[in-house]
Amino acid sequence: MASWKIIRFAALATLSLALVASPSFTPAFAAGGGVGGGGEPPPSARGSKATHTPKAKKASKQSKIDDPAFAKGYREAYATIYDRNQYAAAIEQLRALGHDDHPNVANLIGYSYRKLGDYKLSQVWYERALKADPNHVLTWQYYGLWQIEQGNRDQAEYHLSRIAAICGTDCEEYRSLAAALENPPGAGQFY
């Protein structure tokens, strides 16, 4: 239980610090998973096919991510997950944002499905997040916890090595997954 509180506190602290430190939502949203949490906006934010000029395309990439309504919706979904533990409602909120391919959104959808016990859908969303950003540390951590819950300790060790390569062994994501791996196999603990 203490490990869960640490993970929750670290995730909330990261998001809160990013939101306070940045005037627009783009850096805060990008920071949502720690190192490697950012990347390009999701395809749905790229605008229509009719805008072919570089300036128009670049402007459309930022428009929805910077949208205060999107930022508010993301924060509400985040609170639905971590404050109220209403995972099905959070999935609906996150899907309604229209940014399913952004690693932060896909990761939280995967996390919510994992907490609901739907490991197949959770895996799909974690892999979707990593496809969007192979260096999304929080996804590597959560997917590593998924691996432990599935009894795949070797895979969880691989996830731990990916985290170490991205942010080192001092980052919270590494410490959390390493601590979970210290528990004996079959301990019945869920993260």
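Points to keep in mind about this one:
- For the stretch 85-191, the Stokes-Einstein estimate of translational diffusion at 10 °C and a viscosity of 1.306 mPa s comes to 115 µm²/s, using the Kirkwood hydrodynamic radius over alpha-carbon pairs.
- At a probe radius of 1.4 angstrom, the accessible area of the stretch 85-191 per residue rounds to 44 square angstrom.
- Two-site label geometry, Asn152 and Ala178: point separation in nm, points 7 Å out along Cα→Cβ: 2.3 nm
- Backbone geometry of the stretch 87-103 corresponds, through the Karplus equation with coefficients 6.51, -1.76 and 1.60 at θ = phi - 60°, to 3J(HN,Hα) couplings of 5, 5, 5, 5, 4, 4, 4, 5, 5, 5, 5, x, 10, 4, 8, 6, x Hz, x marking Gly and Pro.
- Within the shell defined by Cβ-Cβ distances under 14 Å, the residues around Tyr119 carry a net charge of 0, with Lys and Arg each +1 and Asp and Glu each -1.
The values are calculated or read from the model by the stated rules, or taken from the named source; none is laboratory data. Bear in mind that the values here come from a model prediction, so they are computed numbers and not experimental data. Glycine gets a Cβ as well: all are built from the backbone with ideal geometry, and neighbour counts include every protein chain shown. Side chains are part of the model used for accessible areas, which takes the heavy atoms of the whole protein and leaves out ligands, DNA and RNA. Shrake-Rupley method; radii C 1.70, N 1.55, O 1.52, S 1.80 Å.
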